[in-house]
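Structure record follows, encoded as structure tokens.
The values are calculated or read from the model by the stated rules, or taken from the named source; none is laboratory data. Worth saying up front: this structure is predicted, and the values here are computed from it rather than measured. So basically every Cβ, Gly included, is an ideal-geometry build from the backbone, and we count neighbours across all protein chains shown. Note: accessible area is taken over every heavy atom of the protein model, side chains too, but ligands, DNA and RNA are not part of it. Shrake-Rupley method; radii C 1.70, N 1.55, O 1.52, S 1.80 Å.
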Amino acid sequence: MANKTSEQYDQVVDKCRQIFEKKIKDYGTSWRVLRTMSLTDQIFIKAKRVKTIEELGNSKIEEGIEEEFIGMFNYGIIALIQMHIASNAPMELSETEAMKHYDLETKQTKALMMAKNHDYGEAWRDMRINSYTDLILMKLMRLKQIEDNKGKTLISEGAESHYMDIVNYAAFGLIKLSEGQKN
């Protein structure tokens with residue numbers, strides 16, 4: 001089953017990566033101006049919209065849950081890039097440089113997912129998609145608190161692990177959607 005998960009995760013990464021790359025062609029790396037707090041808020045907006053759609057059963061704009069999970073995945077990767085990129089890096093990165101950072105962050109995030117997946121016995125497969133939405137919202141609330149505390153925690157994981165979990169929950173949601181599963 002781990003091989004299936006790895007393959008499905010790679011398919012999600014490919015889909016999200018293609019969109020990320022196309023947006024770089026359209027907008028450059030304008031996302032570089034965003035601070036991690038702003039990225040937290042962007043993911044929050046997307047997660048709240050997914051929860052609203054899940055609760056109401058419909059939406060008034062064309063983009064649906066899948067597009068929002070893709071957005072949460074990519075904004076999570078952007079947050080990780082922003083956290084790890086040199087403070088003196090230029091605001092405008094070349095497409096090649098941006099994609100190199102994207103690939104590094106998705107590789108590290110997948111490695112974390114595979115390790116946790118091993119330890120938790122693929123429990124995510126028995127969860128409902130709306131649980132991923134709720135877990136993402138919880139991680140975002142934690143991130144906001146960490147940000148309000150200027151990154152300091154007493155016993156908890158730091159912001160990086162929360163962004164990685166958000167990316168992975170979004171990936172799980174996308175896998176479940178690709179399998180035709182609903183809440």
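Taking the stated definitions as given, is T40 within 13 Å of the chain's Cα centre (by Cα) and in contact (Cβ under 8 Å) with a residue 12 or more places away in the chain? Judged against the criteria, T40 is a match. Against the test of being within 19 Å of M1 (Cα to Cα) and of a type in the set (F, W, Y), the options Y163, Y120 yield a single qualifying residue, Y120. Close contacts from the stretch 148-173, counting a first residue that is on the phi > 0 side of the Ramachandran plot and a second that is open to solvent by 30 Å² or more (accessible area, probe 1.4 Å) and in a loop (DSSP other than H, G, I, E, B), with Cβ to Cβ under 9 Å and a gap of 6+ residues or different chains, come to G151/G158. In the stretch 1-19, the residues that are over 12 Å from W124 (Cβ atoms) reach residues that are open to solvent by 60 Å² or more (accessible area, probe 1.4 Å) and basic (K, R) with C-beta atoms within less than 9 angstrom, at least six apart or across chains, in these pairs: V13/K107. Scanning the stretch 39-79 for residues that are open to solvent by 50 Å² or more (accessible area, probe 1.4 Å), farther than 19 Å from T109 by Cα, touching a helix residue (DSSP H, G or I) at 6+ places or on another chain (Cβ under 7 Å) and not in a loop (DSSP other than H, G, I, E, B) yields Q42, F44, K51, E66. Considering every residue within the stretch 81-96, establish whether at least one is charged (D, E, K, R), assigned to a helix (DSSP H, G or I), over 17 Å from Y27 (Cα atoms) and open to solvent by 50 Å² or more (accessible area, probe 1.4 Å). No, the stretch 81-96 contains no residue that is charged (D, E, K, R), assigned to a helix (DSSP H, G or I), over 17 Å from Y27 (Cα atoms) and open to solvent by 50 Å² or more (accessible area, probe 1.4 Å). The single condition among (1) modelled with pLDDT of 95 or more; (2) loosely packed, with under 15 Cβ neighbours inside 10 Å that I136 does not meet is (2). Looking for something without any contact (Cβ under 8 Å) to a residue 60 or more places away in the chain, charged (D, E, K, R) and more than 30 Å from L56 (Cβ to Cβ) - is there at least one such residue anywhere in the stretch 109-116? Yes: one or more hits.
Rundown of residues vs (1) charged (D, E, K, R); (2) in contact with a Phe, Trp or Tyr (Cβ under 8 Å, 6 or more places away or on another chain); (3) buried (at least 18 other Cβ atoms within 10 Å of the Cβ), yes/no style:
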| position | (1), (2), (3) |
| --- | --- |
| T106 | no, no, yes |
| T109 | no, no, yes |
| W124 | no, yes, yes |
| S131 | no, no, no |
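For T133, state whether it is in contact with a Gly (Cβ under 9 Å, 6 or more places away or on another chain) and more than 13 Å from A171 (Cβ to Cβ). Yes: the conditions hold for T133.
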